[in-house]
Amino acid sequence: MSLTNQISLSDRISGSFFGLLLCDSLGTAVECQVTGSFEPVTTLRGGGKYRLKPGQFTDDGSMALCLAIALLNHNNNDPQTLHPSTVQMNLYRRWYESGYLSSNGLCFDIGITVRTALNKFSTEYDRTDGQKFLNADAYYGSTKSKASGNGSLMRLAPVPLLYHRNPQYALDEAVNSSKTTHGSQLCLDSCRIYAALIIGALQGASKEKLLKSEKMFVPEGLPSDYWTNETASPIDPSVMTVMTGSYKHRNPPEIKASGFVVDAMEAALWAFYHTDSFEEGALKAVNLGDDADTVGAIYGMLAGAYYGINAIPLEWLEKCSFQGLVQTIIDEILIQSQQSDMSSSSGVYKKVLQVYNDLATFYSGTIKRRVLPCPKQYKTSQQFDEDIAQFQTIYDNMLQSTEWFEDVSTDNDKQLISNRSELILKEFLSLIEQDRQTLSIQYSRSFGPFSDSQH
Ligand SMILES: [Mg+2]
């Protein structure tokens, strides 16, 4: 038995999700830089264009978390069920407008294709007060081939992770998840083929089998002629070229970490094929520079499923932003992926998500908003401190209320909820601490010529 066969499904699912988030974070250090022009990335170091801290992820990670929550919540038996694509778009919109599931509390980067789709969706949603979407999809992705960015592939992992037991459904949903923001044939093909590879990795397929050149990989549970039989829609030739092994003989500058979906997928597979460990491949992927964070994310979701969570350096995992929430989402993906009807959320997931949602709402709606330049910006540090106290009270009221744990069955679950909620609280408090530093600069400026810098 090969080593990869001994990795549990749970370790593969965790590996894939953390792999996506952490390789996104790894790559942002050199995002938009020309290959060879920078000090090579050797570990999670933060910085880069957006001056992030090590372990903070960018739009790739935030959108993947939005997608995961949309899929998990949609599966609940809710009579007012919206189409899954609408649930997704509502969460992407919340990220775009108020930094929901962002690692630093703001939507600080967004692709043009995503932004265009979200703007169209928001206009329609508001115009019809949401009524239009009760029984309709929200596929707002451009279908033009020139709009074939990598923005739907970069967040894809939750789809195969959740639906891997039904590969046909998983591949259909991979396509549907892309259509919300990226509707071109190249994007849809890339997403369904990459979902098949992730499912294969979850099933324990060897790298040799996944990356076989003669025939595109088909996961167990689908007919072996899946990609070539007449009923499946034909794959675009440029995607086919990659999937039959172009990355095996090409090298940079032919391999490009660009924003074009086919290039980004080829670059991720190039890094995966030419290395033998998660870390080595991750560094190879992001050191291409350019769209390094996204090539990292695409690499990380496949390599993490293949090598498993234990292959990801512990010092990287420990730095992952919002890891209490992330781990809860991953656990819930594992639970729901094993239910036949995927109909119920666990108590731990519901509670921890509620803690995150309530804190995120107050943080973005009150604290963060008033830190940024706006008419109601904080004028005194006392106002700021009052809001922090209120923020803390929201948390205390939830966790200390007698009803809070009533429907949680085991002590172990109660402990998990407490631990993870506390991690989420700490994460927000550390963001607030950074906000305070931003504010203090503004206070000192208001002292005019006798500012700190002159002493
Ligand atoms: Mg990014």
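The values are calculated or read from the model by the stated rules, or taken from the named source; none is laboratory data. This one's a predicted model, so the numbers in the text were calculated from it and none came from an experiment. Methodologically, a virtual Cβ is constructed for each residue, glycine included, from the backbone with ideal geometry; neighbour enumeration extends over all protein chains shown.
Can you find a residue that is part of a helix (DSSP H, G or I), at pLDDT below 95, in the same structural domain as S14 (by TED's automatic domain parsing) and under 17 Å from the mean Cα position of the chain (by Cα) anywhere in the stretch 60-69? Before you say what the answer is, go through the steps one by one.
To start, the set of residues in the stretch 60-69 that are part of a helix (DSSP H, G or I) comprises 60-69.
In the following step, the residues that additionally are at pLDDT below 95 were identified as none.
Checking the stretch 60-69: not a single residue is part of a helix (DSSP H, G or I), at pLDDT below 95, in the same structural domain as S14 (by TED's automatic domain parsing) and under 17 Å from the mean Cα position of the chain (by Cα).
Could you tell me which of the residues A201, A170, A157, A174 is under 26 Å from Q6 (Cβ atoms), free of Cβ contacts under 8 Å to residues at least 60 places away in the same chain and crowded, with 23+ Cβ neighbours inside 10 Å?
On the way: A201 fails: free of Cβ contacts under 8 Å to residues at least 60 places away in the same chain; A157 fails: free of Cβ contacts under 8 Å to residues at least 60 places away in the same chain; A174 fails: under 26 Å from Q6 (Cβ atoms).
Just a single option satisfies the conditions, and that option is A170.
Could you please find all residues in the stretch 161-183 being among the polar types (S, T, N, Q), assigned to a loop (DSSP other than H, G, I, E, B) and farther than 15 Å from T113 by Cβ?
Let us first name the residues in the stretch 161-183 that are among the polar types (S, T, N, Q), namely 166, 168, 176-178, 180-181.
Narrowing further to those that are assigned to a loop (DSSP other than H, G, I, E, B): 166, 180-181.
Within the stretch 161-183, just N166 meets the criteria.
Considering only the stretch 207-237, state which residues are at pLDDT 95 or above and not in a loop (DSSP other than H, G, I, E, B).
Across the stretch 207-237, the qualifying residues are K207, E208, K209, L210.
Name every residue in the stretch 28-71 that is within 16 Å of the ligand (Cβ to nearest atom), of a type in the set (A, V, I, L, M) and out of contact with any strand residue (DSSP E or B) (no Cβ under 6 Å at 6 or more places or on another chain), in order of residue number.
V30, V41, L44, L52, M63, A64, L65, L67
Consider S37 against the criteria (1) closer than 30 Å to S337 by Cβ; (2) part of a loop (DSSP other than H, G, I, E, B); (3) at pLDDT below 95: it satisfies all of them except one. Which criterion is unmet?
It fails just one condition, (1).
Looking at the stretch 387-413 only, could you name the residues that are surrounded by 15 or more Cβ atoms within 10 Å (Cβ to Cβ), over 27 Å from the mean Cα position of the chain (by Cα) and among the charged types (D, E, K, R)?
Selection gives D387 alone.
Name the residue that is nearest to the ligand (Cβ to nearest atom), counting only residues in the stretch 262-312 that are on the phi > 0 side of the Ramachandran plot and not charged (D, E, K, R). Don't jump to the end; show me each part of the working.
Quick first cut of the stretch 262-312, residues on the phi > 0 side of the Ramachandran plot only: 289-290, 308.
Filter again for not charged (D, E, K, R), leaving 289, 308.
Working: G289: 13, G308: 25 Å.
Here the answer is G289.
Which of (1) farther than 22 Å from L325 by Cβ; (2) in contact (Cβ under 8 Å) with a residue 12 or more places away in the chain; (3) of a type in the set (K, R) does K368 not meet, given it meets every other one?
(1)
Can you pull out the residues in the stretch 262-299 that are among the aromatic types (F, W, Y), in contact (Cβ under 8 Å) with a residue 24 or more places away in the chain and within 18 Å of S190 (Cβ to Cβ)? Walk me through it before giving the result.
Of the stretch 262-299, the ones among the aromatic types (F, W, Y) are 270, 272-273, 278, 299.
With in contact (Cβ under 8 Å) with a residue 24 or more places away in the chain added as a condition, the list becomes 272-273, 278, 299.
Those that are among the aromatic types (F, W, Y), in contact (Cβ under 8 Å) with a residue 24 or more places away in the chain and within 18 Å of S190 (Cβ to Cβ): F272, Y273, Y299.
Just name the residue that is nearest to D263 (Cα to Cα) out of those in the stretch 138-160 that are touching a strand residue (DSSP E or B) at 6+ places or on another chain (Cβ under 9 Å), assigned to a loop (DSSP other than H, G, I, E, B) and within 16 Å of the ligand (Cβ to nearest atom).
Among them, the one singled out is N150.
Go through the residues of the stretch 313-320 one by one and say whether even a single one is within 16 Å of the ligand (Cβ to nearest atom) and either under 14 Å from S16 (Cα atoms) or of a type outside the set (S, T, Y) (or both). Even if it seems obvious, please write down each step before you answer.
Within the stretch 313-320, the subset within 16 Å of the ligand (Cβ to nearest atom) is 320.
Retained after the next criterion (residues that are either under 14 Å from S16 (Cα atoms) or of a type outside the set (S, T, Y) (or both)): 320.
Yes: one or more hits.
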